[in-house]
Amino acid sequence: MWEEVGIGPRALLDPPLYLSSMAPANRPKWSVAIFLDFLKDGESGELRPDPGEVAECFWARFDELVAGHDEIPLRGGLLVAPSFRVAGHVVWGFTQRVLSTFLHDYGDLLTPAGRGGSDDMGRIP
């Protein structure tokens, strides 16, 4: 978390929970570990992304993600890829795959019943 979005361990509620590992499509020999955690009460969640790792980051609620497909401009032309649209942004590629996998595997925890009746849908960076 720290190297990607700049949220240090002191801001986190618990030690991060390991969810899975995935390989980016453009780096199939890599294994990127996926973790989940929550911010402590009173933490702002200020994001300070490493520009060498992250092009842009922002907070969004899970219920704001709109799944679809978008044309992604690449040097060789356009790529039609699975995506999420949120707040005027298109989230695609590895980030889209991680979010899709998370929502598939843990999405029931995001419903009011799965959260014990809470209306807090949570935010993602």
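Worth a mention:
- Scanning the stretch 8-22 for residues that are without any contact (Cβ under 8 Å) to a residue 24 or more places away in the chain and either in contact with a Cys (Cβ under 6 Å, 6 or more places away or on another chain) or of a type in the set (A, V, I, L, M, F, W, C) (or both) turns up just one, L17.
- Strands (runs of 3 or more DSSP E) wholly inside the stretch 1-92 containing at least 2 residues that are out of contact with any strand residue (DSSP E or B) (no Cβ under 7 Å at 6 or more places or on another chain): 66-74
- Residue satisfying all of: in the stretch 8-27; of a type in the set (G, A, S), closer than 20 Å to L103 by Cβ and surrounded by 11 or more Cβ atoms within 10 Å (Cβ to Cβ); modelled with the lowest pLDDT among these: S20
- Residue that is among the hydrophobic types (A, V, I, L, M, F, W, C) and modelled with pLDDT of 85 or more, where the choices are V32, V5: V32
- Residue check, W30 of a type in the set (A, V, I, L, M, F, W, C) and loosely packed, with under 15 Cβ neighbours inside 10 Å: yes
- Just one of the listed residues (A25, A55) is free of Cβ contacts under 8 Å to residues at least 24 places away in the same chain, within 24 Å of V86 (Cα to Cα) and not polar (S, T, N, Q), and it is A55.
Per-residue answers, yes or no, for (1) under 23 Å from G107 (Cβ atoms); (2) charged (D, E, K, R); (3) more than 14 Å from the chain's Cα centre (by Cα):
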| site | (1), (2), (3) |
| --- | --- |
| A25 | yes, no, yes |
| D37 | yes, yes, no |
| G42 | no, no, yes |
| R48 | no, yes, yes |
| P51 | no, no, yes |
| W59 | yes, no, no |
| V66 | yes, no, no |
| L74 | no, no, yes |
| A87 | yes, no, yes |
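- The stretch 82-102 residues that are farther than 16 Å from F62 by Cβ, paired with ones that are of a type in the set (F, W, Y) (beta carbon under 9 Å, 6 or more apart): P82/W92; V90/F84; W92/F84
- Any chance R48 is touching a residue at least 60 places away in the same chain (Cβ under 8 Å) and charged (D, E, K, R): no
- Here is the figure for the stretch 71-85: residues that are surrounded by 12 or more Cβ atoms within 10 Å (Cβ to Cβ) and more than 20 Å from V98 (Cβ to Cβ) total 1.
The values are calculated or read from the model by the stated rules, or taken from the named source; none is laboratory data. Here the structure is a predicted model, which means the values were calculated and not measured. Because the Cβ atoms are built from the backbone with ideal geometry, glycine has one as well, and the counts that use them run over all protein chains shown.
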